[in-house]
């Protein structure tokens, strides 16, 4: 950083998964035919009036409480004016000076294990704009189409304090924020569908200085990777400007993923440019303490609390607890497995290892996994009982994942019961020793690695069904004579 430090604040827009839009009854379903999920209200036609969706407020309070915010007992909606084709009213209904919530914080850890705290300046409600679809951008006569389906979809904007000091910390903050929001159940946070979007404000200053530098805002950040790369580039760009004797211009920049650079879009707007004023069509919102208390009581156990419990109650490492709690569905799956098979570390290894590998390969969410917790617990009990080996269990899990069958059924169908009869295995061991005199001689000359080869030959002959511990014991007994 050449004696500089970054100052980063993030503005995150979260699309709420309500059935209808924030001020009308039009559907919020993703992927519908263009301009079919609209009505006179969200299209801003003359004579229409907005009506607030109560569930939007409830979801907003839920997120605010999860982020340790103060929920305002009195707030209002404002009109934010700007002119763009995807904004049919030429203003957006948002909140300005009296937001839904304020003064919160989010604790998070970076990959090096260091703990950080970032202030949450405000959480406010607003409506989304439409979507521009650009056509023939490289042609002589490019044009754009407008889809208004997204217009009026409810959003929460979560504004952090300028407390983040690196691109990696910004990525870690977003990962934790997404996890917390998903736990509250208010959004699926799918960045690829626009359910979670992030704008980053970044400046640099001499290390140790308390004076904020000139900031730029970066847009078009559609993944955690993009956030990390864009901030890393922009921090270096600003430092190079200052070191060359220049000055950073306050502006909005766009991230160009293909070129790996930020590029200027427009000069940065100030609040005055938007000509905020209270929306005359919406009365101020008064929130009772009893409503806040009820929502607080209904909040689920949040990620950090669950991690602490996993370390204390289950004896898991900080890493295991972090991975298992990243998604609420994974944590619930894990806990149900542990309830049925009370060996947390073993369950954690299978959920984070072989099961996660299968889920990732097929791009399946754990909630849609054919292997239910009871089936995984049954599989682990078969290993403990000596019915199958750990290696065979991995093959069985793959069949269970593909078919949804119980492990006992797969074992019976494929004749995978572990061979534990000493006489049967003894005969096979004798055959292997007779067929491989070289490794036998190597072992007896002190090359102990040869034993692994011989074990492998017995396992191969039994298609992995031999009890490995018994095979080892029989081989050593015969080799050491």
For the range 219-226, does any single residue satisfy the condition of being modelled with pLDDT of 95 or more, closer than 21 Å to residue 171 by Cβ and either crowded, with 19+ Cβ neighbours inside 10 Å or not assigned by TED's automatic domain parsing to the domain that holds residue 176 (or both)? no
Unmet criterion (only one of (1) surrounded by fewer than 22 Cβ atoms within 10 Å (Cβ to Cβ); (2) farther than 30 Å from residue 33 by Cβ) for residue 64: (1)
Filter the range 31-59 for residues that are in contact with a strand residue (DSSP E or B) (Cβ under 8 Å, 6 or more places away or on another chain) and in a helix (DSSP H, G or I) and give the result. 56, 57, 59
Going by the structure shown, is residue 279 within 24 Å of residue 199 (Cβ to Cβ) and surrounded by 13 or more Cβ atoms within 10 Å (Cβ to Cβ)? yes
From 144, 167, which residue is at pLDDT below 95 and within 26 Å of residue 262 (Cα to Cα)? 144
Give the range 203-223 a look and list any residue that's over 17 Å from residue 9 (Cβ atoms) and not in a loop (DSSP other than H, G, I, E, B), or say none. 206, 220
Select, from 9, 32, the only residue that is modelled with pLDDT of 95 or more, over 30 Å from residue 289 (Cβ atoms), out of contact with any helix residue (DSSP H, G or I) (no Cβ under 9 Å at 6 or more places or on another chain) and assigned by TED's automatic domain parsing to the domain that holds residue 161. 9
The range 403-481: helices (runs of 4 or more DSSP H) wholly inside it with 2 or more residues that are farther than 29 Å from residue 384 by Cβ are 422-435, 437-444, 449-461
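The values are calculated or read from the model by the stated rules, or taken from the named source; none is laboratory data. Owing to the predicted nature of the structure, the values given are computational and were not obtained by experimental measurement. Don't worry about glycine lacking a Cβ; one is built from the backbone with ideal geometry, like all the others, and counts go over all protein chains shown.
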